[in-house]
C-alpha cells in the first residue's frame, strides 16, 4: 500500500477545518500523511489545530513565517512530503470516506499519473446544492475551461518539478499547474464517482470576480507565454464558460 501525502494550506477557515481534517483521518485508506501548511501570520488558530491533530501521528503542521498564499504553501508542503502519490484538500472542503481508496485503485488500474474525480457542491451548512462530473481533460480542453476541482486531484509526486508547480498568484494557481502538466500531451483522467465535497462560499478568494479575471489573464500571458491578443481571447472564452457553469448550477 503506497503512502499518499495530502497537502492542506490553512488560512482563516476555523469554522470548517475540523470537518476537513476528520474526512482525512477516517479514510478507509490508512497509509497516508496529512501536511497542513499554516499560512496565517496571526497564530491564534494554531493551538486549535494542534488540539485536533494531537492523537494522529500521521498529521503534521508546517508554519509559514509570513503569508505565502495557497500556491506557494502547497509547493512547500509537497517538498516536505514523503509519499509517491500526492493529493490536495482545501481546509473548507471534504472527502467521502473511500475517496483515496477508489482513486488509488483507479490510477493503478489505468496506469496513469494524474486523475481527478466528480464532486458535490455544498454550502456553508454542508447542504449539497449541486455537483460537477469529472471528464478526461487534455491541454486543449483545459485552455477553454478549467473543469477540475483542486480537492479532487491525485497525482504522482514526480510530476512536480522546479518549473512545473503551483503558480504564485492569488487565484487559479492550480489552473497553471494543470496546464503545465497536460502541455506535453498528458491527460488528466476523470473518475466519475462523486468523492469530494467542494464548499462554495461567498467570502472565499474564488468568489472575487475581478481578481479571478486578472489572474486568468496572468495564467495565459505570464505562465503560458501567450501574446496579448491570444491571452485576451483565451480569457474571454474561459470567462464565458465559467458563466455558463454557474448558471447550470443555480
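For this structure, a couple of remarks:
- Applying a threshold of 8 Å to beta carbon distances and a minimum spacing of six or more residues, or different chains, the list of pairs starting in the stretch 167-191 at a residue that is without any contact (Cβ under 8 Å) to a residue 60 or more places away in the chain and on the phi > 0 side of the Ramachandran plot and ending at one that is buried (at least 20 other Cβ atoms within 10 Å of the Cβ) and in a loop (DSSP other than H, G, I, E, B) reads 172/146.
- The condition of being within 14 Å of residue 8 (Cβ to Cβ), modelled with pLDDT under 95 and in contact with a strand residue (DSSP E or B) (Cβ under 9 Å, 6 or more places away or on another chain) does not hold for residue 61.
- Within the stretch 133-151, not a single residue is under 23 Å from residue 13 (Cα atoms), at pLDDT 95 or above and out of contact with any strand residue (DSSP E or B) (no Cβ under 6 Å at 6 or more places or on another chain).
- Only one of 89, 68, 62, 49 that is surrounded by 15 or more Cβ atoms within 10 Å (Cβ to Cβ) and in contact (Cβ under 8 Å) with a residue 40 or more places away in the chain: 89
- Residue under evaluation residue 145, criteria (1) in contact with a helix residue (DSSP H, G or I) (Cβ under 8 Å, 6 or more places away or on another chain); (2) buried (at least 17 other Cβ atoms within 10 Å of the Cβ), criterion not met: (2)
- Qualifying residue in the stretch 110-117 (condition: in a helix (DSSP H, G or I) and more than 18 Å from the chain's Cα centre (by Cα)): yes
- Exclusive hit being within 14 Å of the chain's Cα centre (by Cα) and either farther than 25 Å from residue 243 by Cα or surrounded by fewer than 16 Cβ atoms within 10 Å (Cβ to Cβ) (or both), set 96, 150, 155, 177: 155
- Some residue of the stretch 5-12 being under 19 Å from residue 77 (Cα atoms), at pLDDT below 95 and out of contact with any strand residue (DSSP E or B) (no Cβ under 7 Å at 6 or more places or on another chain): yes
- Flag for residue 1 being surrounded by fewer than 19 Cβ atoms within 10 Å (Cβ to Cβ) and within 28 Å of residue 107 (Cβ to Cβ): yes
- Flag for residue 37 being crowded, with 23+ Cβ neighbours inside 10 Å and outside any loop (DSSP other than H, G, I, E, B): yes
- Considering the stretch 102-130, the residues that are loosely packed, with under 15 Cβ neighbours inside 10 Å and either in contact with a helix residue (DSSP H, G or I) (Cβ under 7 Å, 6 or more places away or on another chain) or in contact (Cβ under 8 Å) with a residue 24 or more places away in the chain (or both) include one that is nearest to residue 185 (Cα to Cα), namely 110.
The values are calculated or read from the model by the stated rules, or taken from the named source; none is laboratory data. Quantities reported herein were computed from a predicted structural model and do not represent experimental measurements. As a convention, Cβ positions derive from the backbone with ideal geometry for all residues, glycine included, and neighbour counts pool all protein chains shown.
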